[in-house]
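Q: Below: one structure in structure tokens.
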Amino acid sequence: MASGFSILHRLEPSAFVFEAIVGAIAVDVLLLAFILLRRSYRMRYFRKRDARVFELRQQWDALISGEIPYETWRTKSFDRRIIEDMALDAFEAAAADQSARLLRFLRTSGLIEKRIFEARKLKGWRRRSALVALGRTRAPEGIPALSEALRDLDPEARNAALRGLGRLGSPEAAEEILHWLAESGVNVPVLPLQNALINCCRERPQILLSYLQLAGPQLREVLARVLGEVASPSLGSELIGMADDELPELRAAAARALSNAQPGHAVEVLGELSRDPVWFVRLRAVVAIGKLYDTAAVPHLINALTDSNRLVRMRAAEALVDFKSELPSIFSQVVKTRDRYGLHAFLAALENGDLRKRLDAELRQSAFSDGERDLLLAVLSIGKLVETQVATKSQPIETATR
Amino acid sequence: VIHHFLDVANYTLFFYYLSGNLAYLIALIIALKTSAAHQRRIESFRLRWITESPLAPPITLLAPAHNEEKSIRVSIRNLLELDYPELEVIVINDGSKDRTLEELQDEFKLRPVRMVYVQEVPSAEIRGLYRSDSDPRLLVIDKESAGSKADAVNAGLNAATSPYVCIVDADSMLERDSLLRIMVPVLADPKHVVGVGGIIRILNGSEIEGGQLRRVRLPRKSLEVIQVIEYLRAFLIGREAWAQGNMMLIISGAFGLFRTDLVRAIGGYRAKAIGEDFDLVARLHRHLIEKGQEYRIQFVPDPVCWTEAPSDLKSLGRQRARWHKGLLDTLLPNVDMLFRRRYGRIGFLALPYLWVFELFAPVIEIGGIFTIILAAALGDLSRDFFIQFMIFGYAFATVISIGAVLQEELTYKRYSDWQDVARLVTYCFFEHFPYRQLHMVWRLQGLWQYMRGDMSWKPLERKGLQSTTAP
């Protein structure tokens with residue numbers, strides 16, 4: 001009986017195998033040649049580029065001022081790219097007077113116009129590159145081209161346009177983004193969108209309000225988060241109105257934004273929000289109360305220390321230990337809650353802030369009655385409630401280090 | 001009967017080898033395309049802008065350390081210096097018997113803290129928690145050893161406070177922008193991306209200064225260079241291509257990012273798992289498919305984690321045997337996912353591939369060598385055809401290896417030295433014999449050890465991340 005290999009052989013596999021060998025070896029050789037050629041080409045390219053960057057750097061002031069006529073380099077794409085990169089890098093790191101000079105240069109040399117043209121006419125990665133570069137220039141004349149790209153069918157182009165507009169960071173750019181969102185809904189990733197809006201709405205957060213009222217639930221959620229980041233005390237009454245909104249994201253945003261408001265009424269509203277049924281609203285409210293740093297907030301924070309959510313408890317504890325001059329009285333109130341989880345959270349925050357010894361010392365000198373002082377010192381020392389009611393949920397492990 | 005058996009065996013070997021290489025060739029083509037797209041995409045995705053974002057999701061880095069006194073200072077300093085706006089670093093001292101904890105205490109001014117530690121996922125007993133006075137982002141968990149990295153990671157998972165956890169090996173070195181890069185898929189699609197893997201590269205031979213990589217060089221030892229090619233092939237071709245179809249089943253334990261809530265929801269790492277990283281990803285797939293959730297587990301080829309590879313045959317053999325044990329240990333509990341419609345392409349493609357072309361590879365290849373020898377002894381082997389087949393197989397496999405080097409050259413170009421690239425390409429021709437056969441023997445040993453119930457594991461000898469200069 002003939003072997004499998006012999007059968008294959010009779011079917012003339014030799015020819016096939018031989019061709020395959022030649023093919024595979026040819027591919028090996030081609031791959032090798034490609035690697036070697038590409039490497040040597042790139043080596044030469046970068047050597048040339050480095051040398052040119054050095055030359056241009058020597059003439060930088062003359063280039064910027066126009067002493068060297070723009071026509072001498074702007075038609076050479078190799079030089080133009082280098083100069084644009086150098087100018088944009090310098091622009092992003094420049095102080096106000098320098099950036100005005102660089103922006104003037106980018107305009108008068110036609111670099112911005114060139115990028116606007118590319119952003120409108122090119123496709124694929126070249127277009128994306130132009131869109132991002134336009135954003136980096138922060139020139140308002142780039143807004144229409146960026147705005148057009150927001151309506152592109154290619155999601156990557158939309159993302160690049162969004163990043164570009166976000167980099168511009170102006171209310172005009174925000175208007176374009178908001179207008180487009182109202183028109184087409186949220187069809188880009190949420191995080192870059194929020195970042196872009198945060199950058200653009202910082203100066204004038206009011207522009208978000210009208211869109212917030214008209215937007216659908218998904219967009220409202222996005223805008224609410226942005227508002228939470230950019231809201232200023234000037235929005236006071238609108239923020240308080242939002243604290244009653246049915247959308248939890250908006251209530252959370254209101255809570256976050258209220259951390260920038262004047263204490264007083266804000267503490268009251270945040271106190272209400274710290275009892276919200278939704279955990280992340282409570283969390284935002286507790287963080288915001290902490291930022292207000294007002295003693296009127298302490299009862300709300302003590303209450304939040306008994307929250308069912310671990311993160312809320314942790315943030316409440318962190319906020320409470322910031323009231324350093326009130327620590328003994330706060331600790332006494334914490335112990336009175338008789339909440340084991342709350343106490344653990346408070347002690348963890350105390351340890352993280354390296355305040356345990358200080359509290360110990362202050363308790364010893366405090367005006368508490370002897371009995372209460374001893375109780376508080378005992379709780380602080382052993383890290384447990386004395387004669388506590390044991391909570392029923394999974395028990396946090398005692399991790400006091402020996 | 002014996003002749004017929006040899007016929008079938010030789011046919012099987014031929015088609016097995018052909019289909020395995022064809023699969024890799026397809027993967028290479030996919031990877032070349034997607035890497036180019038990724039490179040273009042990242043150009044318009046300015047990483048520095050992420051660092052300025054107030055909404056960048058916080059990350060907790062979990063670094064389990066067991067007897068790492070030589071390198072722990074440098075590697076943790078390295079982690080704390082990573083570019084990311086919201087970072088927490090948790091080092092888990094997993095019952096080290098050396099001075100790992102003392103080294104950390106000296107370097108980072110640790111002080112004991114009493115804080116909430118809820119054991120949501122099981123782990124061994126915690127001995128103490130320490131917060132750094134020099135960098136409050138650092139928390140150290142000192143725990144009893146349960147003999148597995150999985151248990152240590154679980155302890156860290158319980159203490160993590162961020163929505164994303166990134167698991168790293170304490171003896172590895174992350175490039176400074178690694179976290180920014182690994183977060184790119186998450187930022188682009190936070191609703192669906194639940195896990196992201198980065199690339200692991202071999203540190204041996206490179207120059208390190210003050211815990212930072214000063215110059216990337218190819219290792220000097222042949223065994224290490226061959227591992228470089230293996231890693232390039234596995235990551236830049238294999239994982240890149242599998243991730244395109246959302247079928248990536250392994251995110252390396254040395255560097256992977258996951259959504260914290262999901263890892264907790266599936267009970268963290270399986271403490272007894274041998275290949276805990278593979279096991280975790282397989283269970284994540286299962287959990288999310290069974291819940292009917294849309295999700296993506298992605299691979300990004302540019303966030304780099306550098307790690308030390310074994311430099312002698314004994315250590316390498318132990319490592320590979322263990323990896324193969326881990327493979328079997330994860331595939332067996334998930335055998336019910338095979339060819340079930342519910343599990344889609346994971347059940348129909350990814351898992352069968354692993355069974356056939358990874359798990360059974362040593363059995364089939366070593367068995368194949370024996371049947372060829374037997375066929376030759378019995379005069380049943382066409383010598384001409386055999387030689388042609390060998391040459392073809394060799395050339396085809398070399399195409400794949402050079403393809404991996406090409407992929408590296410086209411995209412990430414970490415080896416800037418001409419000599420290194422020339423050596424890398426040269427070794428593509430020499431890795432098939434006798435390394436490949438030796439590798440198969442180690443893998444077969446792994447299978448044998450698993451079947452004997454030998455789950456023991458000796459940690460690899462590491463030189464640590466002290467400053468080194470290439471000769």
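The values are calculated or read from the model by the stated rules, or taken from the named source; none is laboratory data. Treat the numbers as computed from the prediction; the structure is a model and nothing was measured. Cβ atoms come from the backbone with ideal geometry, glycine included; neighbour counts cover every protein chain shown.
Q: Conditions: (1) crowded, with 23+ Cβ neighbours inside 10 Å; (2) closer than 16 Å to B:Gly256 by Cα; (3) of a type in the set (A, V, I, L, M, F, W, C). B:Leu187 meets all but one. Number of the miss?
A: For B:Leu187, the failing item is (1).
Q: Given the conditions (1) crowded, with 21+ Cβ neighbours inside 10 Å; (2) farther than 17 Å from B:Pro301 by Cβ, and given that B:Leu223 satisfies all but one, which numbered condition is not satisfied?
A: For B:Leu223, the exception is condition (1).
Q: On the basis of being at the interface with chain A (Cβ under 10 Å from one of its Cβ atoms), surrounded by fewer than 22 Cβ atoms within 10 Å (Cβ to Cβ) and aliphatic (A, V, I, L, M), does B:Leu101 make the cut? Can you show your working first?
A: Working: at the interface with chain A (Cβ under 10 Å from one of its Cβ atoms): no; surrounded by fewer than 22 Cβ atoms within 10 Å (Cβ to Cβ): yes; aliphatic (A, V, I, L, M): yes.
When the stated conditions are applied, B:Leu101 does not pass them.
Q: Could you list, in sequence order, the residues of the range A:143-175 that are surrounded by fewer than 24 Cβ atoms within 10 Å (Cβ to Cβ), more than 14 Å from chain B (Cβ to nearest Cβ) and within 21 Å of the chain's Cα centre (by Cα)?
A: A:Ser170, A:Pro171, A:Glu175
Q: With the requirement that a residue be over 12 Å from A:Ser329 (Cα atoms) and either more than 11 Å from chain B (Cβ to nearest Cβ) or buried (at least 16 other Cβ atoms within 10 Å of the Cβ) (or both), what does the range A:366-385 give you? Outline the logic, then answer.
A: Kept after step one, since they are over 12 Å from A:Ser329 (Cα atoms), are these residues of the range A:366-385: A:369-371, A:374-375, A:377-385.
Correct list: A:Ser369, A:Asp370, A:Gly371, A:Asp374, A:Leu375, A:Leu377, A:Ala378, A:Val379, A:Leu380, A:Gly383, A:Leu385.
Q: Take residues that are among the aliphatic types (A, V, I, L, M) and within 17 Å of B:Tyr295 (Cα to Cα) and tell me which of the strands (runs of 3 or more DSSP E) falling wholly in the range B:160-279 contain 3 or more. Reasoning before the result, please.
A: Working: elements: B:164-168, B:193-202, B:207-209, B:212-215, B:255-259.
Once the strands (runs of 3 or more DSSP E) in the range B:160-279 are filtered for at least 3 residues that are among the aliphatic types (A, V, I, L, M) and within 17 Å of B:Tyr295 (Cα to Cα), what remains is B:193-202.
Q: Here's something else I'd like to know. I need the helices (runs of 4 or more DSSP H) fully contained in the range A:15-106, keeping only those with at least 1 residues that are within 14 Å of another protein chain (Cβ to nearest Cβ) and either of a type in the set (Phe, Trp, Tyr) or closer than 25 Å to A:Ala133 by Cα (or both).
A: So the answer is A:77-93.
Q: Going through the range B:185-237 one residue at a time, which ones are over 13 Å from the mean Cα position of the chain (by Cα) and within 14 Å of another protein chain (Cβ to nearest Cβ)?
A: Answer for the range B:185-237, where residues must be over 13 Å from the mean Cα position of the chain (by Cα) and within 14 Å of another protein chain (Cβ to nearest Cβ): B:Pro185, B:Val186, B:Leu187, B:Ala188, B:Asp189, B:Pro190, B:Lys191, B:His192, B:Val193, B:Ile229, B:Ile237.
Q: For the range B:363-376, how many residues are within 12 Å of another protein chain (Cβ to nearest Cβ) and either surrounded by 19 or more Cβ atoms within 10 Å (Cβ to Cβ) or free of Cβ contacts under 8 Å to residues at least 24 places away in the same chain (or both)?
A: Residues meeting the conditions: 4.
Q: Among the residues of the range B:1-45, count how many are over 28 Å from B:Leu349 (Cβ atoms), at the interface with another protein chain (Cβ under 9 Å from one of its Cβ atoms) and either among the acidic types (Asp, Glu) or surrounded by fewer than 16 Cβ atoms within 10 Å (Cβ to Cβ) (or both).
A: Residues meeting the conditions: 4.
Q: Go through (1) in a strand (DSSP E or B); (2) in contact (Cβ under 8 Å) with a residue 60 or more places away in the chain for B:Arg111 and report which single condition fails.
A: (2)
Q: Return yes when B:Leu327 is touching a Phe, Trp or Tyr at 6+ places or on another chain (Cβ under 9 Å), farther than 19 Å from B:Met440 by Cβ and not charged (D, E, K, R) and no when it is not.
A: Numbers: touching a Phe, Trp or Tyr at 6+ places or on another chain (Cβ under 9 Å): yes; farther than 19 Å from B:Met440 by Cβ: no; not charged (D, E, K, R): yes.
Judged against the criteria, B:Leu327 is not a match.
Q: Being within 24 Å of the chain's Cα centre (by Cα), charged (D, E, K, R), within 16 Å of B:Val153 (Cα to Cα) and not in a helix (DSSP H, G or I) narrows it down to one of B:Glu88, B:Glu120, so name that one. Outline the logic, then answer.
A: On the way: B:Glu120 fails: within 24 Å of the chain's Cα centre (by Cα).
Testing whether each residue is within 24 Å of the chain's Cα centre (by Cα), charged (D, E, K, R), within 16 Å of B:Val153 (Cα to Cα) and not in a helix (DSSP H, G or I) leaves just B:Glu88.
Q: Considering only the range A:225-232, I want to know if a residue exists there that is more than 14 Å from chain B (Cβ to nearest Cβ), crowded, with 24+ Cβ neighbours inside 10 Å and of a type outside the set (A, V, I, L, M, F, W, C). Write out each step before concluding.
A: Kept after step one, since they are more than 14 Å from chain B (Cβ to nearest Cβ), are these residues of the range A:225-232: A:232.
Retained after the next criterion (residues that are crowded, with 24+ Cβ neighbours inside 10 Å): none.
For the range A:225-232, residues more than 14 Å from chain B (Cβ to nearest Cβ), crowded, with 24+ Cβ neighbours inside 10 Å and of a type outside the set (A, V, I, L, M, F, W, C): absent.
Q: If A:Ala215 satisfies every condition in (1) out of contact with any Cys (no Cβ under 6 Å at 6 or more places or on another chain); (2) within 14 Å of chain B (Cβ to nearest Cβ) but one, which is the exception?
A: (2)
Q: It is to be established whether one or more residues within the range B:64-81 are within 14 Å of chain A (Cβ to nearest Cβ) and surrounded by fewer than 16 Cβ atoms within 10 Å (Cβ to Cβ). Show your work before the answer.
A: Narrowing the range B:64-81 to residues within 14 Å of chain A (Cβ to nearest Cβ): none.
Within the range B:64-81 (the criterion being within 14 Å of chain A (Cβ to nearest Cβ) and surrounded by fewer than 16 Cβ atoms within 10 Å (Cβ to Cβ)), the answer is no, since none of the residues qualifies.
Q: Follow-up question, since we're still on this one. Hey, B:Asp261 hits all of (1) in contact with a Lys or Arg (Cβ under 6 Å, 6 or more places away or on another chain); (2) surrounded by fewer than 18 Cβ atoms within 10 Å (Cβ to Cβ); (3) within 24 Å of B:Leu80 (Cα to Cα) but one; which does it fall short on?
A: Exception for B:Asp261: condition (1).
Q: From the list B:Arg214, B:Arg201, B:Arg181, which one is surrounded by fewer than 21 Cβ atoms within 10 Å (Cβ to Cβ) and either in contact with a strand residue (DSSP E or B) (Cβ under 8 Å, 6 or more places away or on another chain) or not polar (S, T, N, Q) (or both)?
A: Working: B:Arg201 fails: surrounded by fewer than 21 Cβ atoms within 10 Å (Cβ to Cβ); B:Arg181 fails: surrounded by fewer than 21 Cβ atoms within 10 Å (Cβ to Cβ).
B:Arg214 is the lone residue from the list that is surrounded by fewer than 21 Cβ atoms within 10 Å (Cβ to Cβ) and either in contact with a strand residue (DSSP E or B) (Cβ under 8 Å, 6 or more places away or on another chain) or not polar (S, T, N, Q) (or both).
Q: Filter the range B:49-62 down to the residues that are in contact (Cβ under 8 Å) with a residue 60 or more places away in the chain and either part of a helix (DSSP H, G or I) or buried (at least 20 other Cβ atoms within 10 Å of the Cβ) (or both) and list them by number.
A: So the first thing to find is which residues in the range B:49-62 are in contact (Cβ under 8 Å) with a residue 60 or more places away in the chain, and the list is B:50-51, B:56-62.
Result: B:Ile50, B:Thr51, B:Ala56, B:Ile59, B:Thr60, B:Leu61, B:Leu62.
Q: A further question follows. Just to be sure I understand, how many residues within the range B:341-360 are among the β-branched types (Val, Ile, Thr) and buried (at least 16 other Cβ atoms within 10 Å of the Cβ)? Spell out the reasoning first.
A: Going residue by residue through the range B:341-360, those that are among the β-branched types (Val, Ile, Thr) are B:346, B:356.
Now drop any that are not buried (at least 16 other Cβ atoms within 10 Å of the Cβ), which leaves B:346.
Within the range B:341-360, residues that are among the β-branched types (Val, Ile, Thr) and buried (at least 16 other Cβ atoms within 10 Å of the Cβ) number 1.
Q: Say we look at the range B:160-178 and pick out the residues that are within 14 Å of chain A (Cβ to nearest Cβ) and surrounded by fewer than 21 Cβ atoms within 10 Å (Cβ to Cβ); which of these is farthest from B:Arg239 (Cα to Cα)?
A: Step one: of the range B:160-178, the residues within 14 Å of chain A (Cβ to nearest Cβ) are B:160-164.
Still in the running and surrounded by fewer than 21 Cβ atoms within 10 Å (Cβ to Cβ): B:161-163.
Details: B:Thr161: 29, B:Ser162: 27, B:Pro163: 25 Å.
Going through the qualifying residues, I end up with B:Thr161.
Q: So is A:Leu223 touching a Phe, Trp or Tyr at 6+ places or on another chain (Cβ under 7 Å) and either among the acidic types (Asp, Glu) or in contact (Cβ under 8 Å) with a residue 24 or more places away in the chain (or both) or not?
A: On the way: touching a Phe, Trp or Tyr at 6+ places or on another chain (Cβ under 7 Å): yes; either among the acidic types (Asp, Glu) or in contact (Cβ under 8 Å) with a residue 24 or more places away in the chain (or both): yes.
Yes, satisfied.
Q: Tell me yes or no: at least one residue of the range B:129-146 is of a type in the set (Gly, Ala, Ser), within 9 Å of chain A (Cβ to nearest Cβ), within 27 Å of B:Leu82 (Cα to Cα) and surrounded by fewer than 23 Cβ atoms within 10 Å (Cβ to Cβ).
A: no
Q: Next question. Of all the residues that make up the range B:110-126, how many are over 21 Å from B:Thr260 (Cα atoms) and either surrounded by 18 or more Cβ atoms within 10 Å (Cβ to Cβ) or modelled with pLDDT of 95 or more (or both)?
A: Counting residues in the range B:110-126 that are over 21 Å from B:Thr260 (Cα atoms) and either surrounded by 18 or more Cβ atoms within 10 Å (Cβ to Cβ) or modelled with pLDDT of 95 or more (or both) gives 3.
Q: Residue check, A:Ile64 against (1) surrounded by fewer than 19 Cβ atoms within 10 Å (Cβ to Cβ); (2) over 23 Å from A:Glu172 (Cβ atoms), all met but one. Which one?
A: So A:Ile64 meets the others, but not (1).
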